[in-house]
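Reading through the structure tokens given below for one structure.
We did not get these values from a lab; they are worked out from the coordinates using the rules stated. Please read these numbers as outputs of a predicted model, since none were measured by experiment. Cβ coordinates were reconstructed from backbone atoms using ideal geometry, including for glycine residues, and neighbour counts include every protein chain displayed.
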Amino acid sequence: MSMNIRGPKGSKVRFVNRGGWDGEYERAAEVLEHGKVYTIKRINVYQSSSEVFLEGINEGFNTIFFEDVYETEDGIDYGRIRELTNVPFTEYVKDKIKAALAWRILEHCFISVDDFGCDPNDPDADEPDAPVIVVDVKVRGALYTFWYNTDSREYNHSILGEDVVNRYLAITKGHRPDLPGVYVYNPTEE
């Protein structure tokens with residue numbers, strides 16, 4: 001997956017070799033260093049292509065050659081979330097939390113892997129379900145719980161409901177909460 005072409009000025013991207021028209025990567029590689037992280041100056045989106053302009057460089061490059069770089073923002077390790085999940089889920093979490101942090105204060109964030117208590121190295125165990133990545137973000141007055149199924153790539157979130165009061169209380173005290181174990185996903189739109 002290439003970079004987010006709607007990414008804001010100042011976002012970070014990494015130069016990678018992926019796709020493009022004949023000779024485009026070679027031209028870009030003369031100016032850019034493979035694997036290096038750059039800062040976006042602006043992005044031009046056209047009907048069938050897009051180009052990114054980077055700080056300190058006067059020419060634009062095909063956005064296909066770049067991937068988003070996630071860093072820790074506002075105390076939330078988006079890089080770790082991206083590493084465990086995928087770009088759409090990371091952007092989903094980032095969008096929801098950015099909106100919450102506009103008017104609330106972050107208190108705690110936990111990123112957990114729910115493997116449902118299965119030991120993948122136990123030869124006698126039944127085939128374990130794919131793990132679910134759980135991100136709990138406690139802001140003043142609310143708990144956001146996001147979950148991502150690593151097998152189906154489905155994800156969703158909830159905001160403090162009756163079923164998560166104990167999780168809320170644990171996180172309020174700074175303790176890692178028990179994992180939910182049951183997850184509901186929105187229907188996939190095609």
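Run a plain Debye calculation on the stretch 1-66 (Cα atoms as equal point scatterers, no solvent) and give log10 I(q)/I(0) at q = 0.20, 0.24 Å⁻¹, rounded to two decimals, same order as the q list.
Taken in order of the listed q values, log10 I(q)/I(0) reads -0.72, -1.08.
Compute, for the chain, the length of the dipole vector about the Cα centre, with Cβ point charges of +1 (Lys, Arg) and -1 (Asp, Glu) only. Units Debye, rounded to 20.
That gives a dipole near 1260 debye.
Taking 32 Å as the cut-off for C-alpha to C-alpha distance, list the pairs among LYS41/LYS98; LYS12/LYS138; LYS41/LYS173 that go past it.
LYS41/LYS173, as the Cα separations exceed 32 Å there.
Residue-wise, which Karplus ³J(HN,Hα) couplings in Hz belong to the stretch 34-43, taking 6.51 cos²θ - 1.76 cosθ + 1.60, θ = phi - 60°, and x for glycine or proline?
Taking θ as phi minus 60°, the curve returns 4, x, 7, 9, 10, 9, 6, 8, 6, 10 Hz for the stretch 34-43.
Taking Cα atoms, how many degrees apart are the long axis of helix 87-101 and the longest axis of the chain, rounded to 10 and kept between 0 and 90?
70 degrees
Could you derive backbone 3J(HN,Hα) for the stretch 141-156 from the dihedral phi with the Karplus parameters 6.51, -1.76 and 1.60 (θ = phi - 60°), listing whole Hz in sequence and x where the residue is Gly or Pro?
My calculation for the stretch 141-156 gives x, 7, 10, 9, 10, 10, 9, 9, 7, 5, 8, 8, 6, 7, 8, 6 Hz in order.
For the chain, what is the mean residue ellipticity at 222 nm derived from helices alone (per DSSP H run of n ≥ 4: -39500 (n - 2.57); sum divided by total residues; nearest 500 deg cm²/dmol)? Mind dumping the intermediate values first?
On the way: 4 runs with 38 residues, N = 190.
For the chain, the value works out to -6000 deg cm²/dmol.
Mind checking the alpha-carbon convex hull of the stretch 1-114 and giving the volume per residue in Å³?
123 Å³
Report the extension gain between TRP21 and SER158 in nm, rounded to one decimal, defined as 0.36 nm multiplied by the number of residues separating them, less their alpha carbon distance.
45.1 nm
How would you rank 40-50, 13-23, 138-148, highest first, on the average number of other Cβ atoms within 10 Å across their residues?
In descending order of packing, they fall as 138-148, 13-23, 40-50.
Convert each backbone phi in the stretch 13-27 into a coupling constant with the Karplus relation 6.51 cos²θ - 1.76 cosθ + 1.60 (shift: θ = phi - 60°), then list the ³J(HN,Hα) values in order as whole Hz, x for Gly and Pro.
Going residue by residue, I get 9, 10, 7, 9, 9, 7, x, x, 7, 3, x, 5, 5, 4, 4 Hz, with x marking Gly and Pro.
At 4 °C and a viscosity of 1.567 mPa s, what translational diffusion coefficient does Stokes-Einstein give for the chain, taking Rh as the Kirkwood radius over Cα pairs? Give it in µm²/s as a whole number.
Rounded, D is 69 µm²/s.
Specify, per residue and in Å³, the volume enclosed by the convex hull of the alpha carbon atoms belonging to the stretch 33-81.
Numbers: hull volume 5.5 nm³, N = 49.
It comes to 113 Å³ per residue, whole-number rounded.
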